[in-house]
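The values are calculated or read from the model by the stated rules, or taken from the named source; none is laboratory data. Keep in mind it's a predicted model, so treat the numbers as computed, not measured. Ideal geometry is used to build each Cβ from the backbone, glycine not excepted, and the neighbour counts take in all protein chains shown. Keep in mind that these areas ignore ligands, DNA and RNA; they rest on the heavy atoms of the full protein, side chains included. Shrake-Rupley method; radii C 1.70, N 1.55, O 1.52, S 1.80 Å.
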Amino acid sequence: MRQRPIGTATRGTTNPNRLRRMDRWITAVHGPALRRSDHPVAVDLGYGAAPWTALELLRRLRTAEPRTTVVGIEIDPDRVAAAKPYEREGLAFVHGGFEIPLDARPTLIRAANVLRQYDEDEVAAVWARLCARLAPGGLLVEGTCDEIGRRHVWVALGPEGPRTVTFATRLGSLERPSDLAERLPKALIHRNVPGEPVHAFLRDLDRAWATAAPYASLGARQRWIAAVRAVSADWPLTDDVRRWRQGEVTVRWSALRPGTDAG
């Protein structure tokens, strides 16, 4: 007998191109792992009331590895039925939840805007369950964005657990980096308080952004690059100017993990 889906339905809010920043990062960072996989399978977990994000994920990942297949998984059976007409070669939709009801272990699980409705103390168990379903070398990307994808923060995890936190934004709409705090994933959003490392990181990035104000005459991108380069002296960043130019910065999870000492 098939296992009952684990989890609860999300609000289902979705918009075309909402997850473009996350997808762009996944394609760049995880593309080599997809290419190394014998059967690269990606999961769009909790894709919502419409299948746009799964369709876009397939198109974007296939620019990195044309053999990639995508499976959209939804806990609401009506949403699965509504998505079925969009199935095509390499794209399927199935009913399920955090148990990931697939025979193959996925190389990627993307869970965007899924855990916001859960309690913070539930996150670790969900992460562990999803990471246990990953193929060797697989990646779980879990995070939150605004309704049109201008601001996005996500955690990347491997089978061993969390690795990094990425902040991504449309630089032209950014007043200060700490504006991204409202899109922190559930594991961090309640930790944006003095004494917690994520608060200290955003504080330092705000200060660097203010100091880099003279670069604004060259454009928001150059100001962002200068600010991120400044904080790299004190924080363990894992990316470089090629990603910073995209309005991103990625920090090791160990530096932002809740409860660790903050500067």
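Database remark: amide H of Y47 closer than 5 angstrom to the amide H of I73 (H placed geometrically; neighbours at sequence offset of 5 or more, or on other chains; Pro and chain starts carry no H). Ligands, DNA and RNA left out, the 1.4 Å accessible surface of the chain is 49% carbon and sulfur atoms. Working value for region 173-212: equivalent-ellipsoid semi-axes of 18, 12, 5 Å, each the square root of 5 times a Cα gyration tensor eigenvalue, largest first. In whole percents, the pair-distance distribution calculated for region 157-263 from its alpha-carbon pairs, binned every 10 Å from zero, is 15, 50, 29, 5, 0. Shown for region 77-148 is the translational diffusion coefficient from the Stokes-Einstein equation, using the Kirkwood radius over Cα pairs, a temperature of 4 °C and a viscosity of 1.567 mPa s: 94 µm²/s.
Other residues whose C-beta falls under 12 angstrom from the C-beta of A132 contribute a net charge of +1, scoring Lys and Arg +1 and Asp and Glu -1. The order of D204, D146 by accessible area, most exposed first and with a 1.4 Å probe, is D204, D146.
In percent, rounded to a whole number, the relative contact order of the chain is 15, using alpha-carbon pairs under 8 Å and six or more apart.
Note that region 21-90 carries a Kirkwood radius of 12.4 Å, evaluated over its alpha carbons pair by pair. Sorted largest first by accessible area at a 1.4 angstrom probe radius, with every protein chain in place, the residues W235, W154 fall in the order W235, W154. Sorted largest first, the principal axis extents computed over the alpha-carbon atoms of region 143-219 equal 43, 31, 20 Å. Pairs of C-alpha atoms in the chain farther apart than 35 Å represent 14 percent of all such pairs. Per the Debye formula on identical point scatterers at the alpha carbon atoms of region 56-184, with no solvent, log10 I(q)/I(0) at q = 0.12, 0.13, 0.16, 0.18 Å⁻¹ is -0.53, -0.62, -0.93, -1.15. For the chain, a Gaussian network of Cα nodes joined below 10 Å ranks V231, V155, V141 by mean-square fluctuation, and the top entry is V231. Here the Kirkwood formula puts the hydrodynamic radius of region 215-256 at 10.6 Å, using every distinct Cα pair.
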